[in-house]
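Contents: one structure, followed by commentary.
The values are calculated or read from the model by the stated rules, or taken from the named source; none is laboratory data. Note that the structure is predicted; figures quoted are calculated from it, not measured. Counting neighbours? That spans all protein chains shown, and the Cβs are built from the backbone with ideal geometry, glycine included.
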Amino acid sequence: MKLRIGTRRSPLALAQAEEVRERLMILGAEAELVPMVTSGDRGVSAASAPGGLKGLFVSEIVRALRDGEVDLAVHSAKDLPAEDEEGVAIAAVPERASPLDVLVTRDGQLPHGGVVGTSSLRRRAQILRWRSDVRVAELRGNLDTRLRRLEEGTVDGVLVAAAGLLRLGVTPAHCAPMSIAEMVPAPGQGCLAVQARSEDRSTLDLVSALDHADSRSALWAERALTRRLGGGCALPLGAHAWIEHGRVRLVAIVASPDGKRFLRIETEAPSPDAAAEEAARNLLQRGASEILAAVRG
């Protein structure tokens, strides 16, 4: 039996699904990609999507998985809603690629008063905190589109995920990774999430061999924090977890889009849920709910 892997049609999504297909082949399992067009690819407004902005890029693929049209779905974990879809489970989280954001410029410099392109409120808030002299311009589209806008001179710099560049084999001439101290990533950034139907035990068992325990634990902590804060990828919320000496370390930020209100915490706990609970409690005590409510409003 050949497993069918549902994926978006974007170059990055196809590269991610192909990575999973190749790993399955090593296990002796045949698989084929089933590219699909999502609401987000068709330009549908987030307001009309069941899962908001995140739902734009996953809802059709999850529906196809639930209905048996595909056997697996591969997503960028940061695109998934924090709550699992009914009837669907994350069967594996392969080893995480770099979670970092990178700043790509034309000549290695971001000039004073330059324009940085991003559609992410999280990135906007942090770049303005780091470089209050720059301006931020709304910039959407896939990675190729954003890099092309940079070369055309529409913007002086673009903020993108290091993992996307890596998976597409793209190496810009002037690309500076941003440390966690400068730019806390989106929850799930750098992780892949491989979904299967909750009752499909044979597929769940097969795909579990792709799971990387530390990457799964880190993703669980970041998703648990997002759930507790009621957040999503459309909010200025950053979270990055990692495992150190068997314990979960978690750094998280909540910021106003202009970067003027900025909450940052770092915590450590024995489990993903405990780390997320402590981080959420600290952020909420310091006013995170007011910042997030203002953005939602």
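Remarks
Table: residues versus (1) among the basic types (Lys, Arg); (2) in contact (Cβ under 8 Å) with a residue 60 or more places away in the chain; (3) closer than 24 Å to LEU263 by Cβ; (4) out of contact with any helix residue (DSSP H, G or I) (no Cβ under 8 Å at 6 or more places or on another chain).
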| position | (1), (2), (3), (4) |
| --- | --- |
| GLY87 | no, yes, no, no |
| ARG96 | yes, yes, no, no |
| PRO99 | no, yes, yes, no |
| LEU110 | no, no, no, yes |
| ARG131 | yes, no, yes, yes |
| VAL136 | no, no, yes, no |
| GLY141 | no, no, no, no |
| ASP144 | no, yes, no, no |
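- Which listed residue is in a loop (DSSP other than H, G, I, E, B) and in contact with a strand residue (DSSP E or B) (Cβ under 7 Å, 6 or more places away or on another chain), from GLN189, GLN195: GLN189
- Scanning region 107-136 for residues that are loosely packed, with under 13 Cβ neighbours inside 10 Å and either at positive phi or touching a His at 6+ places or on another chain (Cβ under 9 Å) (or both) yields ASP107, GLY108, GLN109, GLY113, ASP133.
- In region 1-17, of all residues being in a loop (DSSP other than H, G, I, E, B) and out of contact with any strand residue (DSSP E or B) (no Cβ under 6 Å at 6 or more places or on another chain), the one that is surrounded by the fewest Cβ atoms within 10 Å (Cβ to Cβ) corresponds to MET1.
- Meets criteria (under 19 Å from the mean Cα position of the chain (by Cα), of a type in the set (A, V, I, L, M, F, W, C) and not in a helix (DSSP H, G or I)) for TRP220: no
- Among the residues of region 60-112, those identified as of a type in the set (Val, Ile, Thr) and closer than 14 Å to GLN16 by Cα are VAL74, VAL93.
- Taken as a whole, the condition of being surrounded by 16 or more Cβ atoms within 10 Å (Cβ to Cβ) and more than 30 Å from GLY157 (Cα to Cα) applies to THR203.
- Residues in region 137-179 that are part of a loop (DSSP other than H, G, I, E, B) and either on the phi > 0 side of the Ramachandran plot or surrounded by 19 or more Cβ atoms within 10 Å (Cβ to Cβ) (or both): LEU139, GLY141, GLY153, VAL155, ASP156, GLY169, MET178.
- Taking the listed residues VAL70, VAL74, VAL93, the one that is modelled with pLDDT of 90 or more, within 23 Å of GLY230 (Cα to Cα) and crowded, with 22+ Cβ neighbours inside 10 Å is VAL93, with no other qualifying.
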